[in-house]
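Trainee: Sharing a structure here in structure tokens format.
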Amino acid sequence: MYYHTAMRWLVLLAMLLLVPAKAEARSERVKFTLTEIWQRDWVDEVAADWRSERFFEGIDWQLGTVSRGDGEIMTGGFTVIHPYQVQPFSLRHCYVLAAFDLLPRGYLLVAIRDPEYYWPDYSVSDGVVDPLELVWYDESWSEDSHTLLDMPAGIYPDDFLLSPDRRTMLAITHPLDRDGDLAGQGQRMLAIDLRSGETDDVWLPEVDGYGNLPPEWWPVRMQWGRNNTLQVQAGPELRIYHMRWE
């Protein structure tokens with residue numbers, strides 16, 4: 001009797017020990033390695049303008065989006081999607097920040113949509129304004145599901161990058177200045193779990209124990225480069241990092 005009880009506890013303990021390892025294996029993490037340092041100024045300062053016209057193109061589709069007016073982005077948003085060899089269609093009260101192919105089929109949008117038009121269980125009393133969400137579509141551009149992103153207040157994520165396993169997304173965040181306007185400096189990175197919508201900070205190797213980069217790096221501006229790289233303006237230096245998902 002005692003033998004069987006002990007064996008059951010050992011099996012349960014082994015299962016509990018295996019859970020973190022399996023959970024960790026389900027999602028890739030990104031590692032940054034410094035490869036080059038150039039003494040040069042930033043050549044393309046980018047701010048997260050959530051009202052600008054944007055254009056995306058995939059394997060068999062094109063998408064254009066814009067948000068007009070001075071009110072809520074979601075109510076001023078207008079998006080046109082044109083699948084090749086199919087009539088284009090529009091999404092009113094919708095503004096798109098990023099769009100991806102999900103091979104072998106389907107699509108993923110990072111969108112700001114008016115919940116009153118797109119959420120079946122939405123109540124006006126919820127008071128949701130400009131929610132940032134992930135929206136999945138099937139191969140015929142019919143919505144499958146959506147996930148609300150849990151974004152920290154006071155920052156504007158943009159410049160989204162999808163991981164090879166399509167379980168994680170990286171975003172460069174753009175903070176606000178003292179006047180409440182978008183700042184062109186002090187950018188950071190966030191990792192977004194596509195299953196839960198939860199976010200977590202992503203650090204470069206040079207951060208200190210509090211997540212701060214060296215003060216001489218200011219203004220700290222970032223953008224994704226070609227061939228799986230990240231470009232960081234660190235003071236007078238342009239630092240190039242190679243990204244490896246593991």
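Trainee: In square nanometres and to one decimal, what's the mean projected area of the convex hull around the Cα atoms of the chain?
Mentor: For the Cα atoms of the chain, the hull's average projected area reads 19.3 nm².
Trainee: For the chain, what % of the accessible area comes from carbon and sulfur atoms, probe 1.4 Å?
Mentor: Exposed carbon and sulfur together represent 53 percent of the surface.
Trainee: Could I have the simple spin-label model distance between residue 176 and residue 139, label points 7 Å from Cα toward Cβ, reported in nm to one decimal?
Mentor: 4.4
Trainee: For the chain, with every protein chain kept in place, what is the accessible area per residue (1.4 Å probe, Å²)?
Mentor: Heavy-atom accessible area per residue stands at 58 Å².
Trainee: Let me ask something additional. Return the FRET efficiency for the residue pair residue 153, residue 237: r is the Cβ-Cβ distance, R0 is 35 Å, and the value is rounded to the nearest 0.05.
Mentor: According to the calculation, E is roughly 0.65.
Trainee: Bin width 10 Å, origin at 0, all Cα-Cα pairs of the range 187-246: what percent of pairs per bin?
Mentor: The distribution over the range 187-246 is 20, 50, 28, 3, given as percents.
Trainee: Given the C-alpha centroids of the range 188-229 and the range 97-155, what is the distance between them in whole angstrom?
Mentor: About 24 Å separates the Cα centre of the range 188-229 from the one of the range 97-155.
The values are calculated or read from the model by the stated rules, or taken from the named source; none is laboratory data. Keep in mind it's a predicted model, so treat the numbers as computed, not measured. For neighbour counting, all protein chains shown are included, and Cβ atoms are generated from backbone atoms with ideal geometry for every residue, glycine included. Side chains included, ligands, DNA and RNA excluded: accessible areas come from the protein's heavy atoms. Shrake-Rupley method; radii C 1.70, N 1.55, O 1.52, S 1.80 Å.
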